[in-house]
1. Quick check on the chain: of the DSSP beta bridges with both residues there, what percent are antiparallel, nearest 5%?
2. Quick one: if you stick a label point 7 Å off each Cα along the C-beta vector at LEU31 and VAL104, how many nm between them?
3. Aspartates and glutamates near LYS197 by alpha-carbon distance under 15 Å, same-chain residues fewer than 8 away left out - which ones?
4. Averaging sequence separations of C-alpha pairs under 8 Å and six or more residues apart, then dividing by the length of the stretch 97-193, give the relative contact order as a whole percent.
5. Can you give the FRET efficiency for SER153 and LEU177, using 1/(1 + (r/R0)^6), R0 = 22 Å, r = Cβ-Cβ distance, to the nearest 0.05?
6. Could you give me the radius of gyration and the Dmax of the stretch 1-109, taking only the C-alpha atoms into account and expressing both in angstrom?
7. Could you tally the net charge around SER56, taking each other residue with its Cβ under 11 Å from the Cβ of SER56, Lys/Arg +1 and Asp/Glu -1?
8. For the chain, what is the mean residue ellipticity at 222 nm derived from helices alone (per DSSP H run of n ≥ 4: -39500 (n - 2.57); sum divided by total residues; nearest 500 deg cm²/dmol)?
Amino acid sequence: MESLLTPNILAVIMARAGSVGLKNKHTLPLLGRPVISYTFDHAIASKLITGWVVSSDSPEILSLATDAGLHTIQRPPNLATAEASVQSVLLHALQSIERDCGYVADAVVTLYGNVPIRGEGAIDRGIAMLRETKCDSVRSFCPVGKWHPAWMSRLDGDKVVPLHPGSIHRRQDLETLYLHDGAVIATTRDSLMRAAKTPDDPHAFFGTDRRAILTAPGETVEIDQLSDLYVAEGLLRHREATSKLRKAS
């Protein structure tokens, strides 16, 4: 049961060594620092997280986490594949830290190690909603904008087959839809433990009462291809320049 005064909020930073897309994406240099180090900073800066753990099968990532003062968990080979579910990795991390450290979490916050840019306060907004609404899970969502399903098509060879024939023409007339942007996932311990009973459903840990916090387009940057790294660098430089201007004014 969650303490009314000091709930234990465990951040699980996930970082698998292998990557189907961009090789070693968690440890690539971004303004002179490994990509994953920014997520370390985000987790430590949270005012609501009380415990931190990094789950990885990479010796380099585990070493970086140790240097940052974070607890580490060696991920077993069966959970270090592209097919392994987030749910399974979270359960392993939760059970490991509770067994080895005696730390019993009231809620678990999932942070992907390849997300060096998150909106300020996004993590704590997700945790706060989880506590205030007593829902099962909270995720960050941003508007899909022009990447709307109503404007998408299938390709049959070189023939275009609209996904929604006769769909809306003007963007302002489209129904607003949202996509999880990877900034934060907050889940209650109870919902995660219930999910252990249904391992075939990789999204069971979201529970039945699923909520969202909204983020702006571009507020979150996830590194999955090389161009994402350049976008992140540009945004970080912009933030730094803006901060200097504000201090100078």
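1. Taking every DSSP beta bridge with both residues in the chain, the antiparallel ones total about 45 percent.
2. Output for this residue pair reads 4.2 nm.
3. Partners found: none.
4. 43 percent
5. 0.85
6. So, for the stretch 1-109, Rg and Dmax equal 14.1, 43 Å respectively.
7. Charge balance near SER56 sits at 0.
8. Taking each H run of at least 4 residues, the total per residue is -10000 deg cm²/dmol.
The values are calculated or read from the model by the stated rules, or taken from the named source; none is laboratory data. Please read these numbers as outputs of a predicted model, since none were measured by experiment. Please note: Cβ atoms are built from the backbone with ideal geometry, for glycine as well, and neighbour counts cover all protein chains shown. Side chains included, ligands, DNA and RNA excluded: accessible areas come from the protein's heavy atoms. Shrake-Rupley method; radii C 1.70, N 1.55, O 1.52, S 1.80 Å.
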